[in-house]
Amino acid sequence: MRNEALFEEAKALLPGGVSSPVRAFGAVGGTPRFLVRGEGPYVWDVEGNRYLDYVLSWGPLILGHAHPEVVAAVKEVAEKGLSFGAPHPLELELARLVRKAYPLAERVRFVNSGTEATMSALRLARGYTGRPYVVKFRGNYHGHADGLLVEAGSGALTFGHPSSAGVPEDCARLTLVAEYNDVEGLTRLFGERGEAIAAVIFEPVVGNSGVIPPSPAFLRALRALTRAHGALLVVDEVMTGFRLAFGGATERFGLEPDLVTLGKVMGGGLPAAAYAGPAAIMERLAPLGPVYQAGTLSGNPLAMAAGAATLGILAGDPGLYRRLEALGERLETGLAEALSAAGVPHTINRVGSMLTVFFAEGPVASYVDAERSDPELFRRFFHGLLARGVYWPASRFEAAFLSVAHTEDDLERTVAAVRATFG
Ligand code: KE4
C-alpha cells in the first residue's frame, strides 16, 4: 500500500485520517507518511522510503528509534503479561530514577499522557489550595484538558483554534491567560487576582509556539509571585524533562517547582507520564487524600520498562547531554549559514537539542513574534527537506528534536538539503 492510498482509507476510518491533528500535514499540505519502522535516527514509511527523523515521536526518542536495550527491556516484560492493574516493582524503579533527576519528587504519580499529568496536577493544586483559578501563557500547550485548551499552542495554534470548541465558558473563565516573558503583565495579574490563583503552569522552554526560551527575569518572577501569593508553581516538563538535562529545565535553570509534570522521554516511546512533588502536596491524592485521580493502565509494566531502561541510560552517561548540546549547536549553525547564504529571512531559537527555524526576522520571544513567521517559506522548507529524505515537524509552531543517534554526517545532509531547497 502507498501513503496516499492509505491516507484515503484512513480518512474513512479516523477523523482527518489521524489519531492526533498535527500529524495530518494540515499546515504544510501533502500526504502524511505512514511510518512503520524506526532505527536510530531513521524512520521508514510503508513505501520503503527512509527519512532522517527530527520529530522522534514529538520528543520521546532521545536515544533514537528501537534502542536495543529499551526494546529488550520491553520484550522481557511483555512475555510475562501486558498489564495487571496492580502495583509492579518497575513502578518503583522508574520513580527512583525520576527522583534522581528531580529531587523535589518525593512522591510520583504515573499516568498515561502529558494531558493527564497536567490536568491532574492542576486538580491537585486546586484541591491543595482551595482556590479556583489557574494561570497559563498564550501559546503554551499543556495537552487537551478542557481548562488548558485556552489560547493553547502546538496543534491548536497550527490549526488556528487556540481555544477549542466544546470547552464551556464556565470552564475557560477559570483559566487566566498571560503573556510569556511578560513580567509586568504577570505582576499585574497577581496584584489583581493573586489570592484566588491556585497555580501557574508554564513551559520552562516553550516548544509549542516553536521554541521560545524564557528570560531569567521571567523565571525569577514566576517563583517570587507564586510564593508571595500562596499559589503553586507547576513546571510542565513533558517536553523538556530529561531532554535539556537529566533533570530537565529544572536542573538547567535551577528552578524550584512545587509540582512538575513529565512525559515523552520519561516513557521511552511508550505511553507513560507523571506528575510529582513534595509528599505534603502529593499525599492529598487518593487513596490518602480527597483529590481523586485514577487510571486503568497507569504504571503499566511495559511503559515502566521502556521508561526505566531509557532513564537508566540517560542517568548513566553524563557525556550524553554534552553530545546533544554539540549536535544542536552544529545543526543550528549549519542551518543559519545555509539560510543566510540563500538570503532567506530566518530566526533559529534553540535550547539544547530542541530548536525551531522561524521564517521571520528576529527576535522571536513571544507567541506574537512566532505568529509573524512566514507559513509559505516554512512549507517550502518542510517539503524541500521531506523530498530529500529529512522528516521535520509538520508545523512552524513545533520544536524539532535531536537524538544521541544523530551523527555529524546526518546534520551535514540536513544542511545540504536546505541549501538545495533554497539554492
Ligand atoms: P500528551 O497528552 O500529548 O502526551 O502531552 C501533552 C503535552 C503536555 N505538555 C507539553 C509541554 C507538551 O508538549 C505536550 C504534547 N506535545 C505535543 C507536541 N508539541 C504532542 C504532539 C501531538 O499533539 O500530537
- Note on the structure: Using the Kirkwood formula on alpha carbons, the hydrodynamic radius of the stretch 287-387 in angstrom works out to 17.3 Å
- the stretch 265-323-the stretch 72-97 distance, computed between alpha-carbon centres (Å): 12 Å
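With Cβ to Cβ distances under 14 Å as the rule, what net charge do the other residues near Gly147 carry (K, R +1; D, E -1)?
On the way: positive: Arg123, Arg126, Arg131, Lys136, Arg173; negative: Glu116, Asp146, Glu151, Glu169, Asp170, Asp236.
With Lys, Arg at +1 and Asp, Glu at -1, the neighbours total -1.
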- Message: Run the reach check for Lys264 against lysines, Cα to Cα strictly under 24 Å, same-chain hits fewer than 8 apart removed. What comes back?
- Response: Lys75, Lys100, Lys136
- Can you give the three extents of the C-alpha atoms in the stretch 68-316 along their principal axes, from longest to shortest, in whole Å? 56, 36, 35
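Per the helix-only calculation at 222 nm, which mean residue ellipticity applies to the chain, given -39500 (n - 2.57) for every DSSP H run of n ≥ 4 and division by its residues, nearest 500 deg cm²/dmol? Present the calculation step by step, with values, prior to reporting the outcome.
Values: 15 runs with 165 residues, N = 423.
Counting only the DSSP helices, I get -12000 deg cm²/dmol.
Would you mind getting the Kirkwood hydrodynamic radius of the chain from its Cα pairs, rounded to one decimal in Å?
Answer for the chain: a Kirkwood hydrodynamic radius of 21.9 Å.
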- What per residue convex hull volume, in Å³, do the alpha-carbon atoms of the stretch 329-418 yield? 88 Å³
- the chain - share of DSSP beta bridges that are antiparallel (%, nearest 5): 55 percent
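Laboratory data are not the source of any read-out in this text; all were calculated from the coordinates shown. As the structure is a prediction and not an experimental result, all values here were calculated from the model. Glycine gets a Cβ as well: all are built from the backbone with ideal geometry, and neighbour counts include every protein chain shown.
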